[in-house]
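The values are calculated or read from the model by the stated rules, or taken from the named source; none is laboratory data. Just so you know, these numbers come straight off a predicted model, no measurement behind them. Don't worry about glycine lacking a Cβ; one is built from the backbone with ideal geometry, like all the others, and counts go over all protein chains shown. We work out accessible area using only protein heavy atoms, side chains counted, and drop any ligands, DNA or RNA first. Shrake-Rupley method; radii C 1.70, N 1.55, O 1.52, S 1.80 Å.
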Amino acid sequence: MFYQEIDISKQYVNTCVIFDIYTLCERSSNYKTKGIEDVTVIGGGVAGTYAAYRLRNKNLNIGLYEMSDRIGGRYFTQTLKKIPDVNIELGAMRYKPKDHVRLDNLIKELRLPIDDFELKQGIPSQTRYYLRGQQIPFPELGKPGFLPYNVKPSERLDRDNLKYKIFKENTNTTDNSEPLYTLATNDDQPLYKQSFQQVVSKSASNEAYLYLKDSNAFHEDIDDAIGVFIRKDKPIQKPFPDFGLPDVKTVVSGFSSIAETMAKKFLHESKSHSLYMNHRLVEIKPIYGGRIKLTFRKTVTRNGVTTDTKITKTVISKNVILCIPKEPLMRIRWKAVQNAMFKREVLDSSRPVLASKIFLGYPFEWWKAIRANFSHAITDLTIRQTYDWKVSKTSGRAVLLASYTDESGTVFWDRVRGQGKVVGGRRYITDVTDEVIKHVHLSLAELYQVDVRKIPYPIDGAMFIFNSYPFNGAWYNWVPGYKIEEVRFSMVKPSCSDNIFIASGSYTSHRLRGWSEGSLEAVDEVLNLFSKRGSDEEIKRRYPCRNF
């Protein structure tokens with residue numbers, strides 16, 4: 001919960017954030033420069049709060065700045081007013097302890113309660129495809145009678161085997177693990193410079209491409225060839241039988257509680273630590289003695305929408321860590337990001353992925369009443385994915401994640417959301433309109449093969465679309481043609497002479513894209529450099545300074 005006290009006439013703004021019984025407020029409302037900060041962390045999402053939390057006990061004067069009135073960024077936990085005992089996750093909702101070691105250790109260190117995410121990433125026996133008007137059990141896709149695509153006879157395979165066939169027949173790969181950037185297609189074009197569609201078009205049919213695209217949970221997953229054909233930094237191998245479901249966890253108190261708890265512990269560690277809400281960084285200017293002048297513009301958040309005011313604030317810092325996505329980074333007046341070469345060779349290497357979620361609350365699990373025997377669906381309809389979310393233990397009311405989509409589906413829902421009346425009469429950025437409900441129900445009726453008139457009207461709902469500033473997307477993907485390691489190492493410290501570091505989850509490895517583990521990894525890389533762990537020669541080798 002958040003509140004603001006604003007008196008523009010007196011140039012006074014005080015913003016507080018309430019976490020349970022704790023109230024975290026700005027240490028000072030004085031808009032004149034007050035002292036010099038040892039470290040200034042920009043961004044109150046998981047990366048920024050993690051950086052502040054990691055530095056909290058280093059005897060430093062640290063300022064943490066967030067442009068909105070909400071801590072968490074893409075961690076966005078809410079509840080429906082009429083089903084208050086069920087958390088819904090509009091952003092991150094799950095993690096895999098085996099693959100996301102930093103996040104798993106962090107959650108345990110913060111002593112936050114965890115539980116199994118029962119839906120996993122879709123349980124095969126409880127997952128259905130609905131493609132081109134045909135309902136297909138997950139294990140049957142690709143088998144005779146269960147492939148509604150006009151593919152070649154040799155392409156009538158399940159997804160994994162078809163991808164492997166295309167990869168094996170079109171590249172110079174062997175059974176050994178070749179260096180990533182030596183992989184090339186048969187026409188000697190480097191694999192990392194091509195999109196998945198380009199590779200497929202060289203030997204497979206367009207129907208094969210559409211089959212793989214439509215049956216994939218996310219369209220963005222098949223953007224670039226490296227993202228499809230490389231798994232855990234190695235070329236894909238011949239698929240083997242699945243020997244079990246991955247261990248997938250969630251946070252009982254909601255993912256937002258991770259960032260909120262880190263911010264709380266950061267502030268309580270020292271009186272020299274400060275948290276400033278509704279501050280947007282607009283300019284970075286190196287000055288005398290290695291100091292850095294930061295100019296902020298005060299913002300105001302109303303109904304979840306953040307806008308600028310005319311109030312500015314200046315801060316002097318010794319070190320700056322930018323834990324923000326690509327788009328806010330590019331808007332800063334700073335010599336490095338305005339450098340044409342840095343933009344071309346580094347910043348332009350990633351692109352935002354539009355994504356959205358729509359949660360609807362019902363009096364009961366009506367889909368179970370019609371004997372739908374699946375808890376997860378992947379479809380070419382505009383809802384894209386559905387998940388049986390949770391049932392209230394007190395009221396029996398049920399929440400359905402009625403749509404989880406990306407790219408073109410998100411554009412559709414953004415357009416529809418602008419039509420119709422807000423359900424419940426509320427005015428907040430997560431509101432659902434009656435037009436959204438109408439179109440969701442039309443898709444659900446087709447998916448569940450039921451008369452749309454038999455679907456009860458929702459008692460509540462919430463949705464969020466990651467398509468606008470500051471996120472501009474739910475996560476970021478690599479653009480074909482870039483070598484990831486070179487970009488990431490150039491990104492960490494763009495200027496040789498200034499202690500300005502970038503720890504952005506927008507430029508994480510393929511294996512972690514779309515997961516917050518990538519943001520934590522980026523912060524740890526910066527903090528290792530910041531604390532000069534290793535010899536000067538080792539640091540220069542790992543993070544070659546190009547002085548953009």
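None of K143, K96 is surrounded by 13 or more Cβ atoms within 10 Å (Cβ to Cβ) and touching a Pro at 6+ places or on another chain (Cβ under 8 Å) except K96. If you check S195 against the conditions, is it surrounded by fewer than 18 Cβ atoms within 10 Å (Cβ to Cβ) and at pLDDT 70 or above? When the stated conditions are applied, S195 does not pass them. Apart from one condition, G534 fits all of (1) at positive phi; (2) modelled with pLDDT of 95 or more; the exception is (2). Taking residues in the stretch 476-498 that are over 24 Å from F218 (Cβ atoms), and partners anywhere that are of a type in the set (D, E, K, R), the pairs with Cβ atoms closer than 8 Å and at least 6 places apart or on different chains are F489/R542; S490/E345; S490/R546; V492/E525; P494/R546; S495/K335; C496/R546.
So which residues in the stretch 380-409 are under 15 Å from W366 (Cα atoms) and of a type in the set (A, V, I, L, M)? Within the stretch 380-409, V391, A398, V399, L400, L401, A402 meet the criteria.
Okay, residues lined up against (1) within 30 Å of H510 (Cβ to Cβ); (2) charged (D, E, K, R); (3) touching a Pro at 6+ places or on another chain (Cβ under 7 Å):
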{"site": "R397", "(1), (2), (3)": "no, yes, yes"}
{"site": "L400", "(1), (2), (3)": "no, no, no"}
{"site": "L447", "(1), (2), (3)": "no, no, no"}
{"site": "K454", "(1), (2), (3)": "no, yes, no"}
{"site": "G473", "(1), (2), (3)": "yes, no, yes"}
{"site": "Y476", "(1), (2), (3)": "yes, no, yes"}
{"site": "G481", "(1), (2), (3)": "yes, no, no"}
{"site": "E485", "(1), (2), (3)": "yes, yes, no"}
{"site": "V492", "(1), (2), (3)": "yes, no, no"}
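Residue-wise test of (1) more than 28 Å from the chain's Cα centre (by Cα); (2) within 19 Å of F364 (Cβ to Cβ); (3) surrounded by 13 or more Cβ atoms within 10 Å (Cβ to Cβ).
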{"site": "V411", "(1), (2), (3)": "no, no, yes"}
{"site": "G418", "(1), (2), (3)": "no, no, no"}
{"site": "R427", "(1), (2), (3)": "no, no, no"}
{"site": "I437", "(1), (2), (3)": "no, yes, yes"}
{"site": "H441", "(1), (2), (3)": "no, yes, yes"}
{"site": "V452", "(1), (2), (3)": "yes, yes, yes"}
{"site": "G461", "(1), (2), (3)": "no, yes, yes"}
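Based on this model, can you work out whether D188 counts as among the charged types (D, E, K, R) and buried (at least 18 other Cβ atoms within 10 Å of the Cβ)? No; evaluated as a whole, the condition is false for this residue. Of all residues in the stretch 221-239, those satisfying the criterion of being outside any loop (DSSP other than H, G, I, E, B), at pLDDT below 75 and of a type in the set (A, V, I, L, M, F, W, C) are I222, I230.
Filter the stretch 311-345 down to the residues that are of a type in the set (A, V, I, L, M) and out of contact with any strand residue (DSSP E or B) (no Cβ under 9 Å at 6 or more places or on another chain) and list them by number. M330, A340, M341 - these are the residues of the stretch 311-345 that are of a type in the set (A, V, I, L, M) and out of contact with any strand residue (DSSP E or B) (no Cβ under 9 Å at 6 or more places or on another chain).
Of all residues assigned to the stretch 102-114, at least one qualifies as being open to solvent by 70 Å² or more (accessible area, probe 1.4 Å) and over 22 Å from the mean Cα position of the chain (by Cα). Kindly establish whether D104 is part of a strand (DSSP E or B) and within 22 Å of G254 (Cβ to Cβ). Considered against the rule, which asks whether it is part of a strand (DSSP E or B) and within 22 Å of G254 (Cβ to Cβ), D104 comes out as no.
For the stretch 352-370: of the residues being in a helix (DSSP H, G or I) and free of Cβ contacts under 8 Å to residues at least 40 places away in the same chain, which is least open to solvent (accessible area, probe 1.4 Å)? Among them, the one singled out is A369.
Go through (1) open to solvent by 20 Å² or more (accessible area, probe 1.4 Å); (2) touching a Ser or Thr at 6+ places or on another chain (Cβ under 7 Å); (3) at pLDDT 95 or above for E155 and report which single condition fails. Status for E155: all satisfied but (1).
Going through (1) open to solvent by 40 Å² or more (accessible area, probe 1.4 Å); (2) more than 27 Å from the chain's Cα centre (by Cα); (3) among the aliphatic types (A, V, I, L, M) one by one, V479 falls short only on (2). Against the numbered list (1) in contact (Cβ under 8 Å) with a residue 12 or more places away in the chain; (2) not in a loop (DSSP other than H, G, I, E, B), D99 comes up short only at (2). Considering the conditions (1) open to solvent by 60 Å² or more (accessible area, probe 1.4 Å); (2) touching a strand residue (DSSP E or B) at 6+ places or on another chain (Cβ under 6 Å), T171 is excluded by exactly one of them, (1). Within the set N61, N57, the sole residue that is of a type outside the set (K, R), loosely packed, with under 15 Cβ neighbours inside 10 Å and modelled with pLDDT of 90 or more turns out to be N57. Selection of first residues in the stretch 505-517 that are aromatic (F, W, Y) and of second residues that are part of a loop (DSSP other than H, G, I, E, B), restricted to Cβ pairs under 9 Å at least 6 apart or on distinct chains, gives the following pairs, ordered by first then second residue: Y507/V346; W515/A92; W515/K96; W515/D99; W515/H100; W515/T508. If you go through the stretch 383-407 and keep only what is hydroxyl-bearing (S, T, Y) and buried (at least 18 other Cβ atoms within 10 Å of the Cβ), you end up with T386, Y387, S403, Y404, T405. If you scan the stretch 269-311, which residues turn out to be without any contact (Cβ under 8 Å) to a residue 40 or more places away in the chain and of a type outside the set (K, R)? Correct list: I287, Y288, G289, T295, T307, D308. The residue that is nearest to P470 (Cα to Cα), counting only those in the stretch 70-91 that are open to solvent by 30 Å² or more (accessible area, probe 1.4 Å) and part of a loop (DSSP other than H, G, I, E, B), is R74.
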